[in-house]
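Report on one structure; see the data block that follows.
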Amino acid sequence: MSFFVKKRFEHSKSQQSVSVDGHKRNGKFRKNASVRRKICRFCADKIVADYKNVSLLRTFITENGKIFSGHITGTCASHQRELDTAIKRARMLALLSFTTTSS
């Protein structure tokens, strides 16, 4: 083994760490890790996104009043569009606030 290859091998060996589950990692994500896909609540439970259902709509809004993206909540694209229009309608009818109230 040449000097540079040996140094590189030792360096990569020292960077490896053992995680809680006992797998060695190099500070990166595991390649074949199973990631659980988020399921759309509206498709699974046959729920309709309605502007009058304020308690349901509040679960998809942050504390500051921003709408969570479908990537975060797991809603599919068609239901995310329906949810978006329902939240905007509820805001126009003053059922939901646009932003939080500052005191």
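Considering only residues that are surrounded by 15 or more Cβ atoms within 10 Å (Cβ to Cβ) and out of contact with any helix residue (DSSP H, G or I) (no Cβ under 7 Å at 6 or more places or on another chain), look in the stretch 39-71 and name the one that is farthest from Ser97 (Cα to Cα).
The selected residue is Arg41.
Just need a number here: residues in the stretch 33-90 that are among the β-branched types (Val, Ile, Thr) and assigned to a loop (DSSP other than H, G, I, E, B).
Result for the stretch 33-90: 7.
Please count how many residues of the stretch 51-103 are among the β-branched types (Val, Ile, Thr) and within 28 Å of Val35 (Cα to Cα).
In the first step, residues of the stretch 51-103 are kept if they are among the β-branched types (Val, Ile, Thr); the result is 54, 59, 61-62, 67, 72-73, 75, 85, 87, 99-101.
This time we only want the ones that are within 28 Å of Val35 (Cα to Cα), so: 59, 61-62, 67, 72-73, 75.
Qualifying residue count for the region: 7.
Give me the pairs, please: first residue somewhere in the stretch 53-78 and within 15 Å of Arg41 (Cα to Cα), second residue anywhere and surrounded by fewer than 14 Cβ atoms within 10 Å (Cβ to Cβ) and basic (Lys, Arg), beta-carbon distance under 6 Å, and either six or more positions apart or on two chains.
As it stands, the answer is Gly74/Lys38, since those pairs meet every condition given.
Can you confirm whether Lys28 is at pLDDT below 65 and within 22 Å of the chain's Cα centre (by Cα)?
Judged against the criteria, Lys28 is a match.
The values are calculated or read from the model by the stated rules, or taken from the named source; none is laboratory data. Because the structure is a prediction, the values reported are computed rather than measured. Heads up, the Cβs are rebuilt from the backbone with ideal geometry, glycines too, and the neighbour counts pull from every protein chain shown.
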